[in-house]
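K.L.:
I have a structure here, written as structure tokens, and I will follow up with some questions on it.
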There are 2 protein chains.
Amino acid sequence: MSSYSSSARFDEARRVAIFGGTHGNEMSGVTLVNLWVKNGSEIQRKMVDTKPFITNPRAVEKCTRYVDTDLNRAFTPENLSALGEGDLPYEVQRAQEINRIFGPKGSPEAYDVIFDLHNTTSNMGCTLILESSKDYFNLQMMNYIKVTALRSYFCCVNIVLCDWFIAGLEVGPQPQGVLRSNIFEAMRVILKHALDFIELFNEGRTGVEFPTCTVEVFRVLERIDYPRDANGNIIAMVHPNLQDGDWEPLNPGDPMFLTFDGKTLHYQGSGTIYPTFINEAAYYEKQQAFVTTRRETLVASAIRKA
Amino acid sequence: MSSYSSSARFDEARRVAIFGGTHGNEMSGVTLVNLWVKNGSEIQRKMVDTKPFITNPRAVEKCTRYVDTDLNRAFTPENLSALGEGDLPYEVQRAQEINRIFGPKGSPEAYDVIFDLHNTTSNMGCTLILESSKDYFNLQMMNYIKVTALRSYFCCVNIVLCDWFIAGLEVGPQPQGVLRSNIFEAMRVILKHALDFIELFNEGRTGVEFPTCTVEVFRVLERIDYPRDANGNIIAMVHPNLQDGDWEPLNPGDPMFLTFDGKTLHYQGSGTIYPTFINEAAYYEKQQAFVTTRRETLVASAIRKA
């Protein structure tokens, strides 16, 4: 999709999908996509064909994260080529179906941009999740969103398991199954600016380029589990000093966990890290109390329309 | 259990149960009860036999509110006398089992005090839920807890569907499936003081009484649903001015909901109310955005040991 001269060149991003309900109890995306399926005027742009889509309707119906398995982890090559139709887990069937509609992955027919809307119970504010630090189109889009509209905004370079041209969006804190107006509006505003960026890019008159820019990101380092006893039972909670402190520096010696019998466990690492996804409800089953990140400044090459 | 002279007389409260996991994704109660099942020294008192008990183990296992039906609504006379054993919904079977162990309801063998530990996603702080404004033992216990230890503490006279001598405890805000240390510690402290009160009452040397006191309570008035369209779909969110404002006065004309297209809907009632359970995750399926209450001051008669 890209080729280089002085600026990276991208084809127009004509076909854009907005996924809601990949996790059926993350209500901002579910509600926004349901609204837009009924009336899409808000997400239409002249030069963009935008398709809002509920990805896991059964989980949405039950207001649960998933039915059989996490859809967000189901887009593996093995799953996408698995045979068995009705015998496969629901979300594997659904991943195949979504891949047929919006992919196939890596093919020329695939959608140009896919936004996947998520909520988190962590105090993460607005987070855009990227797969690659070389993804200049998305980096430029982030920069546009950040500069244009949002002040309390963080972006996070994270690993997403779909290798589409996909942008994950996480907004929180919001409990599962709850719709909070502030979180709903934050997600809506980000989507508006993202679509405006794509429209502006597509309009790209001769010579118009998005110049080289720097973008502050958080690169995921590792996943930290809750402290456990010999039987695997959790024996501590996120420390009150760390709770809700997503994106804040955690320095060696800082409190990290509080055991049920009142002992503070400290961060023993050698340097400053920036925890996030702190105490996310859905990650207990993934044995993950938070993820650590480090701050980086990326340079996004100038881009222009091919 | 009570008889009157100058002060109401109650028998000793020897047998106390602490229920956790009545809703399997409310993690403070689940975690505390699981800890106390392993090591109950913290909840033992000389003159009290305290039994910690996970009421809905299958829901706890799945980290879900319930499996077949809400256990907290399952203790009806119809359910408790229903025949069919294994064919009954899981929580109805479980209600019968719990009634056999801790009841039967209204019988002399029933436990004296039962604490039922709950979390809410609403910003309710600590809330004790009573069935009756004539329940002087529990009112005195609340007064003791409030005066002894807690500053930011509210109590709420609410309808509970078990007509045992039961005290519901709600602490929030905490997302479902998440354990927050501040909420965990608040619940633990309330339980400590509740058990101290019972011990103090049981010790009751001749002539020792808990004198008449006044207790501020919130009496539940009605349940308010989200605004909906003709098809029953929700069309508005709790207004940002009301969100997290549990126990704060809502006056005629105050913002109440915000529609998805940006219109503010105002409270149209004739007098001040005090909303609570605002935007509780589990109440979407009960079509309830919040409950309204009014403030009252109750007089709790003096009590002493019979």
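K.L.:
Go through segment B:130-141 residue by residue and tally those that are at pLDDT below 85 and either open to solvent by 10 Å² or more (accessible area, probe 1.4 Å) or in a loop (DSSP other than H, G, I, E, B) (or both).
P.N.:
5
K.L.:
Output the helices (runs of 4 or more DSSP H) that fall wholly within segment A:17-108 and possess 3 or more residues being within 14 Å of chain B (Cβ to nearest Cβ) and over 20 Å from A:G177 (Cβ atoms), or say none.
P.N.:
A:27-38
K.L.:
Report, by residue number, each residue of segment A:114-129 that is at pLDDT 90 or above and under 21 Å from A:W36 (Cβ atoms).
P.N.:
A:I114, A:F115, A:D116, A:L117, A:H118, A:N119 - these are the residues of segment A:114-129 that are at pLDDT 90 or above and under 21 Å from A:W36 (Cβ atoms).
K.L.:
For segment B:72-88, check the following and say yes or no: at least one residue is open to solvent by 30 Å² or more (accessible area, probe 1.4 Å), at pLDDT 95 or above and among the basic types (K, R).
P.N.:
The answer is no, given that none of the residues of segment B:72-88 is open to solvent by 30 Å² or more (accessible area, probe 1.4 Å), at pLDDT 95 or above and among the basic types (K, R).
K.L.:
Would you check if A:A230 is over 30 Å from A:R15 (Cβ atoms), within 14 Å of chain B (Cβ to nearest Cβ) and outside any strand (DSSP E or B)?
P.N.:
yes
K.L.:
Please specify each residue of segment B:281-303 satisfying the condition of being out of contact with any strand residue (DSSP E or B) (no Cβ under 9 Å at 6 or more places or on another chain) and assigned to a loop (DSSP other than H, G, I, E, B). Lay out the reasoning, then the answer.
P.N.:
Within segment B:281-303, the subset out of contact with any strand residue (DSSP E or B) (no Cβ under 9 Å at 6 or more places or on another chain) is B:281-282, B:285.
Result: B:E285, single match.
K.L.:
Any residue that is within 28 Å of A:Y283 (Cβ to Cβ), out of contact with any helix residue (DSSP H, G or I) (no Cβ under 8 Å at 6 or more places or on another chain) and touching a residue at least 60 places away in the same chain (Cβ under 8 Å) - is there at least one of those in segment B:37-60?
P.N.:
No, segment B:37-60 contains no residue that is within 28 Å of A:Y283 (Cβ to Cβ), out of contact with any helix residue (DSSP H, G or I) (no Cβ under 8 Å at 6 or more places or on another chain) and touching a residue at least 60 places away in the same chain (Cβ under 8 Å).
K.L.:
Follow-up. In segment B:257-268, how many are open to solvent by 30 Å² or more (accessible area, probe 1.4 Å) and either more than 11 Å from chain A (Cβ to nearest Cβ) or in a loop (DSSP other than H, G, I, E, B) (or both)?
P.N.:
Looking only at that region, the number is 7.
K.L.:
Considering only segment B:173-188, I want to know if a residue exists there that is of a type in the set (S, T, N, Q), within 26 Å of A:S122 (Cα to Cα), in contact (Cβ under 8 Å) with a residue 40 or more places away in the chain and open to solvent by less than 20 Å² (accessible area, probe 1.4 Å).
P.N.:
yes
K.L.:
So is A:R65 under 24 Å from A:E109 (Cα atoms) and in contact (Cβ under 8 Å) with a residue 60 or more places away in the chain or not?
P.N.:
no
K.L.:
Taking the residues in segment B:96-129 that are under 24 Å from B:M187 (Cα atoms) and of a type in the set (G, A, S) as candidates, determine which candidate is surrounded by the fewest Cβ atoms within 10 Å (Cβ to Cβ).
P.N.:
So the residue we want is B:G125.
K.L.:
Answer with yes or no whether A:D116 is assigned to a strand (DSSP E or B) and more than 30 Å from A:G245 (Cα to Cα).
P.N.:
Spelling it out, it is not the case that A:D116 is assigned to a strand (DSSP E or B) and more than 30 Å from A:G245 (Cα to Cα).
K.L.:
Here is a further query. Taking the residues in segment B:237-248 that are surrounded by fewer than 22 Cβ atoms within 10 Å (Cβ to Cβ) and touching a strand residue (DSSP E or B) at 6+ places or on another chain (Cβ under 6 Å) as candidates, determine which candidate is nearest to the other protein chains (Cβ to nearest Cβ).
P.N.:
If we filter segment B:237-248 for residues that are surrounded by fewer than 22 Cβ atoms within 10 Å (Cβ to Cβ), which is where we start, we get B:239-241, B:243-245, B:247-248.
Retained after the next criterion (residues that are touching a strand residue (DSSP E or B) at 6+ places or on another chain (Cβ under 6 Å)): B:239, B:241, B:247.
On the way: B:H239: 7, B:N241: 10, B:W247: 18 Å.
The selected residue is B:H239.
K.L.:
B:A194 fails exactly one of the following numbered conditions: (1) more than 14 Å from chain A (Cβ to nearest Cβ); (2) within 16 Å of the chain's Cα centre (by Cα); (3) at pLDDT below 90. What is the number of that condition?
P.N.:
(3)
K.L.:
Just one of A:T212, A:T276, A:T293 is closer than 30 Å to A:R45 by Cβ, away from every other protein chain (no Cβ under 12 Å), polar (S, T, N, Q) and touching a residue at least 24 places away in the same chain (Cβ under 8 Å); which is it?
P.N.:
Selected residue: A:T212, the only one of A:T212, A:T276, A:T293 that is closer than 30 Å to A:R45 by Cβ, away from every other protein chain (no Cβ under 12 Å), polar (S, T, N, Q) and touching a residue at least 24 places away in the same chain (Cβ under 8 Å).
Residue-by-condition table, conditions (1) hydroxyl-bearing (S, T, Y); (2) within 19 Å of the chain's Cα centre (by Cα):
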{"residue": "A:N25", "(1), (2)": "no, yes"}
{"residue": "A:S28", "(1), (2)": "yes, yes"}
{"residue": "A:P52", "(1), (2)": "no, yes"}
{"residue": "A:N56", "(1), (2)": "no, yes"}
{"residue": "A:D68", "(1), (2)": "no, no"}
{"residue": "A:Y90", "(1), (2)": "yes, no"}
{"residue": "A:F102", "(1), (2)": "no, yes"}
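The values are calculated or read from the model by the stated rules, or taken from the named source; none is laboratory data. Just so it is clear, the model here is predicted, and its values are computed rather than measured. Please note: Cβ atoms are built from the backbone with ideal geometry, for glycine as well, and neighbour counts cover all protein chains shown. In case anyone asks, the SASA skips ligands and DNA or RNA and just uses the protein heavy atoms, side chains included. Shrake-Rupley method; radii C 1.70, N 1.55, O 1.52, S 1.80 Å.
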